[in-house]
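Trainee: Quick one: structure below, then a few questions.
The values are calculated or read from the model by the stated rules, or taken from the named source; none is laboratory data. If you're wondering where the values come from, they're calculated on a predicted model, not measured in any experiment. Here Cβ is always computed from backbone atoms with ideal geometry, including for glycine, and neighbour counts include all displayed protein chains. For accessibility, only protein heavy atoms count, side chains too; no ligands or nucleic acids. Shrake-Rupley method; radii C 1.70, N 1.55, O 1.52, S 1.80 Å.
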Amino acid sequence: MGKRRLPTRVITGGARPVFKSDRRARRPRWPARARTANRPAALKICIVSDSHDRADALRAAIDAARADGAQAVVHCGDVIGPNTLRPLLGAGVTLHVVHGNNLGDCTALARLAAGSGGALVYHGGDADFVLGGKRIYVTHFPHQARGMACTGDYDLVCCGHTHEASVQRQLNIEGGHTWLVNPGTVAGLGAPACWVLGDLERMQFELRAA
């Protein structure tokens, strides 16, 4: 069986696709004199999922994202256990993790997070937090993610599970759009290995081949 081709949105060389938001009207308006002082710091994030126990593949994606300025990681689940994450505690980024349906050892994950000094934030089954001034919801399951994106309560909703990468704008009940991102499988299990680099200041999301 031949190696599956990357999705059409993944470009391994040359120009890469950039997905831009048109939700400028919903961004806060900063007074001209206070713009630099009060505006949330620009933040790039590495969005990954379905690493399972492939710690090396996960670390490679995070290192690549850090080289492009990522300061935090959002893992959408199927981590399996703490041994996948332990090597990343010294990576210089904060990891936000949900566990997915392949639970592994949740107690050990919680203990690892508790002793990480803030390097690892283990949210359990889903997560709701703010990064770079943007409200983010994370779950492993796409149907749950789509439902939460439809509420209009979030700037970004992330999910995994299918091992199929997608970046799309979901129409919400507020009349706007919410970014809905599934980064695929960083481990390349049954699908091309990939992840997403997100720019939370510009709300741009770039699908990268791992």
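Trainee: For Tyr154, only one of the following conditions fails: (1) in contact with a Cys (Cβ under 7 Å, 6 or more places away or on another chain); (2) not in a strand (DSSP E or B). What is its number?
Mentor: So the condition that Tyr154 fails would be (1).
Trainee: Right, Val167: closer than 18 Å to Asp50 by Cα, part of a strand (DSSP E or B) and touching a Ser or Thr at 6+ places or on another chain (Cβ under 8 Å) or not?
Mentor: Against the criterion (closer than 18 Å to Asp50 by Cα, part of a strand (DSSP E or B) and touching a Ser or Thr at 6+ places or on another chain (Cβ under 8 Å)), Val167 does not qualify.
Trainee: Any chance the range 51-67 includes a residue that's surrounded by fewer than 23 Cβ atoms within 10 Å (Cβ to Cβ), in a strand (DSSP E or B) and modelled with pLDDT of 95 or more?
Mentor: Within the range 51-67, none of the residues are surrounded by fewer than 23 Cβ atoms within 10 Å (Cβ to Cβ), in a strand (DSSP E or B) and modelled with pLDDT of 95 or more.
Trainee: Could you tell me which residue of the range 155-188 is farthest from the chain's Cα centre (by Cα), considering only residues that are hydroxyl-bearing (Ser, Thr, Tyr) and surrounded by 18 or more Cβ atoms within 10 Å (Cβ to Cβ)?
Mentor: Thr178
Trainee: Let me ask something else. Pull up the range 84-105, narrow it to residues that are open to solvent by 10 Å² or more (accessible area, probe 1.4 Å), within 20 Å of the chain's Cα centre (by Cα) and free of Cβ contacts under 8 Å to residues at least 40 places away in the same chain, then point me to the one that is nearest to Gly160 (Cα to Cα).
Mentor: Leu103
Trainee: Looking only at the range 189-210, count how many residues are open to solvent by 30 Å² or more (accessible area, probe 1.4 Å), in a loop (DSSP other than H, G, I, E, B) and small (Gly, Ala, Ser).
Mentor: 2
Trainee: While we're looking at this one, here's another question. So, in the range 129-141, how many residues would count as being closer than 26 Å to Gly69 by Cβ and either free of Cβ contacts under 8 Å to residues at least 60 places away in the same chain or touching a Ser or Thr at 6+ places or on another chain (Cβ under 8 Å) (or both)?
Mentor: Counting residues in the range 129-141 that are closer than 26 Å to Gly69 by Cβ and either free of Cβ contacts under 8 Å to residues at least 60 places away in the same chain or touching a Ser or Thr at 6+ places or on another chain (Cβ under 8 Å) (or both) gives 4.
Trainee: Does Arg146 satisfy the condition of being open to solvent by 20 Å² or more (accessible area, probe 1.4 Å) and not in a strand (DSSP E or B)?
Mentor: yes
Residues are listed down the side, and each one gets a yes or a no for (1) within 20 Å of Val93 (Cα to Cα); (2) among the aromatic types (Phe, Trp, Tyr); (3) out of contact with any strand residue (DSSP E or B) (no Cβ under 9 Å at 6 or more places or on another chain):
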| site | (1), (2), (3) |
| --- | --- |
| Leu109 | yes, no, no |
| Gly132 | yes, no, no |
| Gly160 | no, no, no |
| Arg169 | no, no, no |
| Gly175 | no, no, yes |
| Ala187 | yes, no, no |
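Trainee: Also: Is there any pair with a first residue in the range 142-153 that is farther than 17 Å from Gly77 by Cα and a second that is surrounded by fewer than 17 Cβ atoms within 10 Å (Cβ to Cβ) and β-branched (Val, Ile, Thr) whose Cβ atoms are under 8 Å apart and which are 6 or more apart or on different chains, and what are they?
Mentor: Within 8 Å, the pairs are Cys150/Ile173; Thr151/Ile173; Gly152/Ile173.
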